[in-house]
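Here is the structure we will look at, set down as structure tokens.
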Amino acid sequence: MIILYMLIVMAYCYAVIKKSKNSLHMLQQNLYNENNRYLKWVRKNLKLFLDIDLIAIAISLIGVFVVFDIKMMTILCLLIIIGIFMGVGYSWDNRVKNSQNKKKLVVTARIKRLITTLTIIHMIPAIWLGFHLNDPYLCWIAITIFAIIIYLNFYVVFVGLIINMPVEKCVYYYYKSKAQKKLKQMSNLKIIGITGSYGKTSSKNILSEILNCKYNALPTPRNLNTYNGLIMTVNNNLDKFTDIFIAEMGAYVKGEIKGLSKLVKPQYGILTTIGTAHLETFGSEQNIIDGKFELIESLPRDGFAILNGDDPKQVNYHLKNPVRVVWIGIKNEDADVRATNIKCSNKGTSFDVIFKGDPKKYSFETRLLGNHNVYNILSGIACGREFGIEIDDLIQAVKNVHPVEHRLELKKINDFYMIDDAYNSNPVGAKNAVQVLGMMPGLKVVVTPGMIELGKKEDEYNRIFGEQIAEVADYVVLIGEQKTKPIKEGLLTKGFDKDKIVVYNDVRDAYPFIGTLKKDKEVFALFENDLPDTYNEK
């Protein structure tokens, strides 16, 4: 019985590890269930659970044999259960291999604490079984518990998350207090907050490169724009040599930007563009507008704000904070810092800048693509002027700005040009990306899985996206048959040739397809959006 017990526990552990790894991965990608994101994902993906019929049959067989006390048959059925557990691991391995793990599980300190809690949870029935090996009925109960735990693994991980909440709160408050103390000690540090529905990360990186021509500016790394991200940046990256801290601020609900502003206390604020990103979690467009303006209204009275004069939502907003405002724009002729004569090519973008009250025009060049990047550069120029950077230095700094990874990044892949806009997608950004593609010479291809987290309007926006693509693309590669149906509808509505629409479930299949296209002229392929693993279509 001891050997049998060990085999059962080993099989149980194997199956649990396989399923828990994926559960933890999805929990992490869903921000540890912030705004119930993880639970919503579980409800939408119940098909990923182990087939309940297999478990029901196995448990029933064991129950029958235990009742009749047929020990040899009980042992045989226990071995069958082991086979099923092993099958879980095998099938899960195949599922993982066939999926697109774009962002792997990061084993952070929080994940390690959660793994410890889950280990204790899983050890309880295993230890209990060890003490009741001679009682067939209790063995049956233990095996039943094993099966249920494996089947409901996604929920077991959530239970572990709940158990760990008091510990995580203590950890959070410790590091938060440490970050606030550090910021308080750096009295000469200038802090710039950046938020908006779109373009936050690009604007932050561009601003950092421009300011670094004269100052030591530290931007938040990657997309660490949450409470934990800002706290981590302050504690780990900020030092006495930093002149300017650029804090990107993201939000899923109203009130988050206010909380982030209270945390780092910016004196300067930049609002990129306000749109419908995360409409599902914000609840309404007005909540999005109010939520983004929380940054500007959290600035001190002598603060400095840069707003977009081409964004009606910003122009029409009644600002309650009497801060000094500089308006940027392209269409708005009354903007304080305005770009004109914009030209885009496969080598980058050129444009002229006009400062209100200055009769001169200043010519700028950048390797970046698209009008939205011009807006981001204008914010950087306006902020640079505020910090006393000379115009010639600004011109050179803009020329040296590097393309932001996965945000309309132009690169040569084999025998075609890839316009990589895969980081994320939204209605405004997607439209801008399609316009950039339309400016390119040669054969044009769009590869996309569509847009997400747009609430009830998601299908409508994706349908419009399809119509926009139809205006410029020669071929379209849709990733995920179900998710991209609205895009296909939009394409067909505009009369796009259905024979030039290709559908795959894996973006990697798009590369060989593009390689089959005729090369009598250059090929430009726009890769728009790259959904996280939580949206994989199996």
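Got a sec? Which of 258, 254, 292, 240 is in contact with a helix residue (DSSP H, G or I) (Cβ under 7 Å, 6 or more places away or on another chain), assigned to a loop (DSSP other than H, G, I, E, B) and charged (D, E, K, R)?
From the options 258, 254, 292, 240, the qualifying one is 254.
Report yes if some residue within segment 149-159 is of a type in the set (Phe, Trp, Tyr), in contact with a strand residue (DSSP E or B) (Cβ under 9 Å, 6 or more places away or on another chain) and either closer than 30 Å to residue 366 by Cα or surrounded by fewer than 23 Cβ atoms within 10 Å (Cβ to Cβ) (or both); otherwise report no.
Checked against the condition, which is being of a type in the set (Phe, Trp, Tyr), in contact with a strand residue (DSSP E or B) (Cβ under 9 Å, 6 or more places away or on another chain) and either closer than 30 Å to residue 366 by Cα or surrounded by fewer than 23 Cβ atoms within 10 Å (Cβ to Cβ) (or both), segment 149-159 yields no hits at all.
If I ask for residues that are assigned to a helix (DSSP H, G or I) and at pLDDT below 85, which ones from segment 502-538 would you list?
Those that are assigned to a helix (DSSP H, G or I) and at pLDDT below 85: 533, 534, 535.
Considering only residues that are more than 22 Å from residue 378 (Cβ to Cβ) and under 20 Å from the mean Cα position of the chain (by Cα), which ones fall in segment 170-222?
Hits for segment 170-222 are 221, 222.
Scan segment 191-227 for residues that are touching a helix residue (DSSP H, G or I) at 6+ places or on another chain (Cβ under 7 Å) and assigned to a helix (DSSP H, G or I) and jot them down.
Selection gives 202, 203, 206, 207, 209, 210, 211, 227.
How about segment 327-349: which of its residues are under 30 Å from the mean Cα position of the chain (by Cα) and under 27 Å from residue 411 (Cβ atoms)?
Of everything in segment 327-349, those that are under 30 Å from the mean Cα position of the chain (by Cα) and under 27 Å from residue 411 (Cβ atoms) turn out to be 330, 344, 345, 346, 347, 348, 349.
Here is a list: 290, 310. Which entry is more than 23 Å from residue 384 (Cα to Cα), under 29 Å from the mean Cα position of the chain (by Cα) and acidic (Asp, Glu)?
That would be 290, the only listed residue that is more than 23 Å from residue 384 (Cα to Cα), under 29 Å from the mean Cα position of the chain (by Cα) and acidic (Asp, Glu).
For segment 436-463, which positions are surrounded by fewer than 19 Cβ atoms within 10 Å (Cβ to Cβ), touching a residue at least 60 places away in the same chain (Cβ under 8 Å) and over 28 Å from residue 252 (Cβ atoms)?
439, 441, 442
Identify the single condition in (1) crowded, with 18+ Cβ neighbours inside 10 Å; (2) modelled with pLDDT of 90 or more; (3) of a type in the set (Lys, Arg) that residue 407 does not satisfy, given that it satisfies every other one.
Failing condition for residue 407: (2).
Give segment 224-244 a look and list any residue that's touching a residue at least 60 places away in the same chain (Cβ under 8 Å) and either in contact with a Pro (Cβ under 8 Å, 6 or more places away or on another chain) or surrounded by fewer than 16 Cβ atoms within 10 Å (Cβ to Cβ) (or both), or say none.
Correct list: 235 only.
Being modelled with pLDDT of 90 or more and either out of contact with any Lys or Arg (no Cβ under 8 Å at 6 or more places or on another chain) or farther than 30 Å from residue 288 by Cβ (or both) narrows it down to one residue among 173, 151; which is it?
Result of the check over 173, 151: 173.
Pairs please, first residue from segment 116-132 and under 18 Å from residue 156 (Cα atoms), second anywhere and at pLDDT 85 or above and in a loop (DSSP other than H, G, I, E, B), Cβ atoms under 8 Å, 6+ apart in sequence or on different chains.
From segment 116-132, the pairs are 117/164.
With 253, 264 as the choices, which residue is under 26 Å from residue 426 (Cβ atoms) and either modelled with pLDDT of 95 or more or outside the structural domain of residue 302 (by TED's automatic domain parsing) (or both)?
After applying the criteria, what remains is 264.
Taking the condition out of contact with any His (no Cβ under 6 Å at 6 or more places or on another chain) and over 30 Å from residue 211 (Cα atoms), does residue 175 pass?
no
The values are calculated or read from the model by the stated rules, or taken from the named source; none is laboratory data. Everything numeric here is computed off the predicted structure, so don't read it as measured data. Counting neighbours? That spans all protein chains shown, and the Cβs are built from the backbone with ideal geometry, glycine included.
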